[in-house]
Amino acid sequence: MYRKLVIQTIIYSIGFVFPRIVNYVFLKFFTVFFKREEFSLYTDMYALSFIVIGFLSFGLENTYFRFLYKKNYNKRIVFSTGVIIQLLISSFFLIISISLIKYLSFIAGYHHHSEYFFMFFFIIFFDTICVLPMAWLRANDKPVQYSTISIVNILIQSLLIIYLFFYSDNIFYGKNTFFFFIFRWISYFTDKIGYIFFSNMISSLVNLFLVLPILLKEVTIKKFNKNLAIKMLNYGIPIMIGTIAFSINENLDKILIKRWVSDEINGSYSACYKIASFMSLYLRIFRLGIEPFFLKNLKILMQYIFMKKLFICLFYLD
């Protein structure tokens with residue numbers, strides 16, 4: 001059992017670390033192509049989006065794992081209920097945000113680039129819908145599929161970024177090709193920074209298509225349980241608040257430096273921050289493998305906690 005856990009953790013780590021390594025390689029790529037003030041815009045948009053995702057996720061990933069292993073709940077009903085809740089919340093967000101896009105972009109200081117917000121609204125929409133299907137893969141011991149989807153996602157995004165940036169600098173030639181016309185269409189409504197967001201939007205859409213078979217197979221309206229939905233929301237709201245607090249703690253510095261100091265300083269700070277944050281990846285890797293294991297084996301977890309507390313008590317009694 002423990003050997004299986006170690007193997008799964010290694011496979012999860014591949015799917016989790018590889019995209020991060022690619023992102024760090026692109027950090028050098030972006031600092032070459034962008035000025036510091038332009039890099040500030042790139043990091044600011046992602047900082048804002050992480051806070052929004054923290055709200056829209058509603059803590060449903062942790063809630064799904066919590067209710068999944070309760071004996072009095074059917075696993076398919078729990079998954080269907082969670083996905084339908086997430087879909088309703090995300091759809092409501094998308095409709096409202098698109099209708100208010102001009103006001104939101106103006107408030108954030110991007111009134112000349114409302115297309116950034118348009119693309120990010122769809123990125124957030126696609127990503128939040130994919131949260132529970134990806135959790136379903138972890139719960140059903142499918143680390144290979146989980147890692148494959150993650151790797152395919154980052155490869156598509158990376159190839160699109162390289163394609164758009166190299167065409168924009170005339171490194172690729174052939175102005176009568178099909179690929180050039182696609183580039184012209186994309187460059188018509190956005191700039192170099194927008195190329196990154198467009199690539200992310202396409203990769204997030206592909207991610208949704210990759211998990212779509214899970215949604216079509218496992219989710220039906222008949223399996224939606226209203227009472228369970230209320231319990232899941234009540235359980236998830238405190239987690240959501242904690243997630244938002246964490247997102248604010250992680251991203252507020254970049255948001256404030258851009259608006260209170262300057263884009264140039266924020267660009268330099270954000271690039272250094274991305275390098276330093278690489279050190280925290282090991283914790284997330286461990287959680288990917290260990291969380292489903294402990295939730296399936298709550299007795300082992302409770303025994304571990306009890307022995308730990310007992311050891312502490314005996315230590316202090318001595």
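The values are calculated or read from the model by the stated rules, or taken from the named source; none is laboratory data. No experiment lies behind these values; they were computed from the predicted model shown. With ideal geometry, Cβ positions are generated from the backbone for all residues, glycine too; neighbour counts draw on all protein chains shown. Ligands, DNA and RNA are excluded from the accessible area calculation, which covers all protein heavy atoms including side chains. Shrake-Rupley method; radii C 1.70, N 1.55, O 1.52, S 1.80 Å.
Here are a few things to note about the model shown:
- Hey, LEU208 under 30 Å from ASN74 (Cα atoms) and in contact (Cβ under 8 Å) with a residue 40 or more places away in the chain or not: yes
- Cβ-Cβ under 7 Å pairs, at least 6 apart or on other chains, the stretch 221-246 side at pLDDT 85 or above, far side open to solvent by 60 Å² or more (accessible area, probe 1.4 Å): LYS223/ARG76; TYR235/ARG66; ILE239/ASN62; MET240/PHE55; ILE244/PHE55
- Of the residues examined, ARG259 is not one that is at pLDDT below 60, among the basic types (Lys, Arg) and either on the phi < 0 side of the Ramachandran plot or assigned to a helix (DSSP H, G or I) (or both).
- For the residues ILE239, ILE214, ILE230, the requirement of being among the hydrophobic types (A, V, I, L, M, F, W, C) and touching a Pro at 6+ places or on another chain (Cβ under 6 Å) singles out ILE214.
- Residue list for the stretch 128-159, filter: surrounded by fewer than 21 Cβ atoms within 10 Å (Cβ to Cβ) and over 23 Å from THR9 (Cα atoms): ILE156, SER158, LEU159
- For THR31: the one exception among (1) open to solvent by less than 40 Å² (accessible area, probe 1.4 Å); (2) modelled with pLDDT of 80 or more; (3) assigned to a helix (DSSP H, G or I): (1)
- For first residues located in the stretch 66-81 and within 18 Å of ILE129 (Cα to Cα), partners that are open to solvent by 60 Å² or more (accessible area, probe 1.4 Å) and aliphatic (A, V, I, L, M) and lie 6+ apart or on another chain with Cβ distances below 9 Å form the pairs SER80/ILE221.
- Those helices (runs of 4 or more DSSP H) lying entirely in the stretch 45-156 with at least 2 residues under 21 Å from the mean Cα position of the chain (by Cα) and within 24 Å of ILE248 (Cβ to Cβ): 60-68, 75-99, 114-139
- Every residue from the stretch 53-90 that is small (Gly, Ala, Ser) and open to solvent by less than 20 Å² (accessible area, probe 1.4 Å): GLY54, GLY59, SER80, GLY82, SER90
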